[in-house]
Amino acid sequence: MKRRTFVSGTAALAAAGFGSPAVAASIKPYSWDLNPPTDTRENFIAWGKARGEDSVFLGQRWDRFQALLKNKDVWGAATIRAFLLTPREEFASISAAIHKRAYEHAFLDIGYGVTMSGPHIQGRMTNVIDVKRGEKVLEIGTGSGVQSAYIANLTENAYTIEIIAPLAARTRALYDKLIDKGYTEYKHIKTKAADGYYGWEQAAPFDKIIVTCGIDHVPPPLLQQLKAGGLMVIPVGPPGAQRVLKVAKTQGADGSITTSREDIYGGKIVPFVPFTKLDGDKIAGTHNR
């Protein structure tokens, strides 16, 4: 779906009962050479302020980054950079109730019955799939937009699908506002309002897939659209009791395809919103078997 087919950001936000996003003065435009300092809190805040960001949120971002490091939720240099360059506060700005809570270790209500996942789970899921620049990555469940915002700092080829059409419109409008503000990395994100169970066949195959809603099985269309040698991270299990799995797809010398699974939390249950499905143009139940 082309960007201009979405409704305007103002209309989408009004329909959701929220005010306009807190998108203010411009910042220094994005480049792959941007490298925020990771030595001290003071240097990071000074660097971000010089770029045009808010010092209060920069401090909160640094503090959460330190917690992610301690908890081993981020470890790769590229993923650390992506976290430090992603303004979670902008994606939480759709509601005054959660804007100031953007960096909390919590799932935040963004309306439409869905949540903005916490920075720890997003950091770990992103790090696990080990996105390389140039790879094609598909996200299922756009939601607030912050997960694809991380991915946009890792590759120029980010694709994301949201099943709730007005939420897809609202998030696309927010991406566009942030692009205008200077976060030009969000030009890397292609958006679509559809049932993510069936993936994005026209753009397939994908090097990596990240699923941000819970289901009791790995959707066959997504596995089919994952390249041989690719990785998928997906919450699998009964409602409210998923385990987050890394699924690796491998092709043998004889052409046979095999998959392996690894629990990225060692058995810990992590509840996610359900993987819903469309019946015509309406959401009706889930894709659980």
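The values are calculated or read from the model by the stated rules, or taken from the named source; none is laboratory data. What you see is a predicted model, and the numbers here were worked out from it, not measured in a lab. Heads up, the Cβs are rebuilt from the backbone with ideal geometry, glycines too, and the neighbour counts pull from every protein chain shown. For the accessible areas, the whole protein counts, side chains as well, though only heavy atoms, and no ligand, DNA or RNA atoms are used. Shrake-Rupley method; radii C 1.70, N 1.55, O 1.52, S 1.80 Å.
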In the set G111, G143, G134, the lone residue that is over 24 Å from E53 (Cβ atoms), in a loop (DSSP other than H, G, I, E, B) and touching a residue at least 24 places away in the same chain (Cβ under 8 Å) is G111
Going through segment 229-244 in order, the residues found to be out of contact with any helix residue (DSSP H, G or I) (no Cβ under 6 Å at 6 or more places or on another chain), outside any loop (DSSP other than H, G, I, E, B) and surrounded by 14 or more Cβ atoms within 10 Å (Cβ to Cβ) are G230, M232, I234, P235, V236, R243, V244
Quick one: which residue in V218, V270 is over 23 Å from N71 (Cβ atoms), assigned to a loop (DSSP other than H, G, I, E, B) and in contact (Cβ under 8 Å) with a residue 24 or more places away in the chain?
V218
Kindly establish whether Y175 is open to solvent by 30 Å² or more (accessible area, probe 1.4 Å) and touching a helix residue (DSSP H, G or I) at 6+ places or on another chain (Cβ under 7 Å).
no
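Quick check on segment 245-262: of everything there that is open to solvent by less than 40 Å² (accessible area, probe 1.4 Å) and either over 27 Å from the mean Cα position of the chain (by Cα) or hydrophobic (A, V, I, L, M, F, W, C) (or both), which residue is farthest from D130 (Cα to Cα)?
This residue is G255.
Quick check on D33: is it part of a loop (DSSP other than H, G, I, E, B), modelled with pLDDT of 90 or more and closer than 30 Å to G240 by Cβ?
It is false that D33 is part of a loop (DSSP other than H, G, I, E, B), modelled with pLDDT of 90 or more and closer than 30 Å to G240 by Cβ.
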Give the residue that is farthest from V270 (Cα to Cα), with candidates limited to residues of segment 125-172 that are surrounded by fewer than 23 Cβ atoms within 10 Å (Cβ to Cβ) and of a type in the set (K, R).
R133
Contacts under 6 angstrom Cβ, first residue in segment 186-200 being within 28 Å of P29 (Cβ to Cβ), partner assigned to a loop (DSSP other than H, G, I, E, B) and at pLDDT 95 or above, 6 or more apart
H188/E156
It is to be established whether one or more residues within segment 214-223 are under 18 Å from the mean Cα position of the chain (by Cα) and under 23 Å from F107 (Cα atoms).
yes
